[in-house]
1. Determine which member of the set Ser45, Ser63 is at pLDDT below 75 and touching a Phe, Trp or Tyr at 6+ places or on another chain (Cβ under 9 Å).
2. Ser142: under 16 Å from the mean Cα position of the chain (by Cα), buried (at least 19 other Cβ atoms within 10 Å of the Cβ) and at pLDDT 85 or above, yes or no?
3. For region 209-229, give me each residue that is assigned to a helix (DSSP H, G or I) and in contact with a Ser or Thr (Cβ under 7 Å, 6 or more places away or on another chain).
4. Filter region 219-273 down to the residues that are touching a Pro at 6+ places or on another chain (Cβ under 7 Å) and exposed (fewer than 15 other Cβ atoms within 10 Å of the Cβ) and list them by number.
5. For Met242, are the conditions met, namely being at pLDDT below 85 and aliphatic (A, V, I, L, M)?
6. Can you name the helices (runs of 4 or more DSSP H) wholly within region 243-334 that have at least 1 residues being on the phi < 0 side of the Ramachandran plot and acidic (Asp, Glu)?
7. Would a scan of region 178-197 turn up a residue that is modelled with pLDDT of 85 or more, surrounded by 18 or more Cβ atoms within 10 Å (Cβ to Cβ) and under 29 Å from Asp247 (Cα atoms)?
8. Among the numbered criteria (1) under 30 Å from Ala112 (Cβ atoms); (2) at pLDDT 70 or above, which single criterion is violated by His30?
Amino acid sequence: MLTGKQKAAMLLSLLDHGAAAELLKGIDEHTVKDIAVEMAYLDVSGCCNPDNTAQLANEFCGSLEKNNRFQAKGFLDKLLKSSLGQEKAANIQNQISELLHQRDPFIQIKQAKNNILAAVLNAEHPQAAAVVLSELDPKRSSELIGMLKEQLQVNVLSRMAGAESISPDAKKRIAAMVSQKLSEIQSDSSSSSPVAVAVDKKQSYRKVAVVLRNLAKELRDGLLASMGKTDQEACKQIADLMIIWEDIPLVADRSIQNALRGIEPQKMAFALIKADEKISAKIRTNISERASAMIDEETSLMSSPKKEDTEQAREQIVSAMREMNSKGELVFAE
């Protein structure tokens, strides 16, 4: 079990050097030395691994109060008091709270339960709901889309896919507004014109596509059909972007095996030229040794493969996965 100073050291290690240094300003040298020693120990002992740090970070964020401050008798209070004393703990507590919200205005929203967040978003303007969902991970966005009112679902997805820009200031105001409403439910900025921010349309479409592919097939197809009535071109692009070459490592093994059936070794050889190691490994572990050997043989016979050949070969594999996805047969391991 980690001590207070070890937890403090692990939390500080999650920050960038500048932020950690700012938090340690004014702390006596002896305490700083103790924390530095704990950091070194955690690193050498292997305790500072992704699982432990993720668990600690979740526990840390879970100690947030409705007013975005940390609970006086919660985790962080005990942690800092045990290592730094009450006065300095309170000071650092406030600094960390400010740093967290400066870095991510949506932090309280991300900690809210889905049923509560869905209730708030159902009463919000579709643009505000779209901004919030864009800030969440795709799986959670998919879950929340399914919890929204039917007439709101298509509107929100269309706005997520749209090319209109939302400035950082506007996002902060939306985050503050939604966070305030969350606080009100759980407990019973600048006024200048936003500055336009350039948004890549393909990137926006891809975000919507990832959300859609995590939905049940019936709901997904219904939403795509509704979107297609207003913008067929955007709908087609979103459908294609549900599955791209870079998604291969995320697809379940059985689905990859089915998709690769019928793909000739020569095509796979072209597709794997300069491919990412994870993609190459995923494909090779889901074909027979004989097929893998044939790919190596085909590769050895290539003198100067053309970029177009590689792109066409990859598109053939991706097309097979898209066809499976359209039938609801493609399974993701993510």
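The values are calculated or read from the model by the stated rules, or taken from the named source; none is laboratory data. Small disclaimer: the values here were computed from a predicted structure and weren't measured. Cβ sites come from the backbone with ideal geometry, for glycine too, and all protein chains shown count toward neighbours.
1. Values: Ser45 fails: touching a Phe, Trp or Tyr at 6+ places or on another chain (Cβ under 9 Å).
Only one candidate qualifies: Ser63.
2. Details: under 16 Å from the mean Cα position of the chain (by Cα): yes; buried (at least 19 other Cβ atoms within 10 Å of the Cβ): yes; at pLDDT 85 or above: yes.
Against the criterion (under 16 Å from the mean Cα position of the chain (by Cα), buried (at least 19 other Cβ atoms within 10 Å of the Cβ) and at pLDDT 85 or above), Ser142 qualifies.
3. Of all residues in region 209-229, those assigned to a helix (DSSP H, G or I) come to 209-213, 217-229.
Hits for region 209-229 are Val211, Met227.
4. Step one: list which residues in region 219-273 are touching a Pro at 6+ places or on another chain (Cβ under 7 Å), which gives 270, 273.
Selection gives nothing.
5. Working: at pLDDT below 85: no; aliphatic (A, V, I, L, M): yes.
Against the criterion (at pLDDT below 85 and aliphatic (A, V, I, L, M)), Met242 does not qualify.
6. Numbers: elements: 253-260, 265-271, 277-284, 289-301, 307-326.
Once the helices (runs of 4 or more DSSP H) in region 243-334 are filtered for at least 1 residues that are on the phi < 0 side of the Ramachandran plot and acidic (Asp, Glu), what remains is 253-260, 277-284, 289-301, 307-326.
7. no
8. (1)
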